[in-house]
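Structure first, commentary second.
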């Protein structure tokens, strides 16, 4: 047994929360446990560019100009990805939407493909604690497993628990100044999504200042309820 759970009901989740809330880490855990597919727009953009899809070509042209990729291009890339067979059982949107305009576009895309957002889960944190949390984090360069200097170190120092890799990396912008800027941007642009999803009746909040295992337990309960 690999610990995964086979599901018959399609569950489509949106994870909300500021930088450092643990969205990526928890999305991977849900993916492993429930067989859902984590959709990180950053990863999808890079994959589409590498694959040379029509949407990828459009994104590449924009990025080469140094501009931000438009919502229309992101939606086109998501449309392509959702058509893949592995997404049939459900997906987790990680890092998208970031604005209510994007949320409305995503709802339209989901309806177009016969789907709907099952739950929008807000990982709530204390802003001041985010500086410590983010400045100490690092990831395995091989598989992307996340770690932290204080909260989650590899069982064997210098060796990834998941893949056994020995190379790790830190984001250059994981420092107090840029964290503050990202938090302000989140509250200005993304936090209104909480009201958006509350109005549609799919919002659930979780205290993300708990330890990782407790947050995972709370998330698992929400998904299991949606599948019941």
Report the residue count in the range 43-63 for those that are within 26 Å of residue 19 (Cβ to Cβ) and either in contact with a strand residue (DSSP E or B) (Cβ under 8 Å, 6 or more places away or on another chain) or surrounded by fewer than 11 Cβ atoms within 10 Å (Cβ to Cβ) (or both).
-> 1
Hey, any hits in the range 30-46 for a residue that's more than 30 Å from residue 152 (Cβ to Cβ) and modelled with pLDDT under 90?
-> no
Return the pairs, sorted by first residue and then second, in which the second residue is in a loop (DSSP other than H, G, I, E, B) and surrounded by fewer than 14 Cβ atoms within 10 Å (Cβ to Cβ), the first residue lies in the range 201-228 and is touching a residue at least 24 places away in the same chain (Cβ under 8 Å), the beta carbons are less than 6 Å apart, and the residues are 6+ apart or on different chains.
-> 209/126; 227/9
Residue within the range 184-202 that is farther than 24 Å from residue 91 by Cβ, surrounded by 16 or more Cβ atoms within 10 Å (Cβ to Cβ) and out of contact with any strand residue (DSSP E or B) (no Cβ under 6 Å at 6 or more places or on another chain) present | no
Does the range 126-168 hold any residues that are more than 29 Å from residue 191 (Cβ to Cβ) and in a strand (DSSP E or B), and which are they?
-> 140, 156, 159, 168
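The values are calculated or read from the model by the stated rules, or taken from the named source; none is laboratory data. All of these numbers come straight from a predicted model, not from anything done at the bench. So basically every Cβ, Gly included, is an ideal-geometry build from the backbone, and we count neighbours across all protein chains shown.
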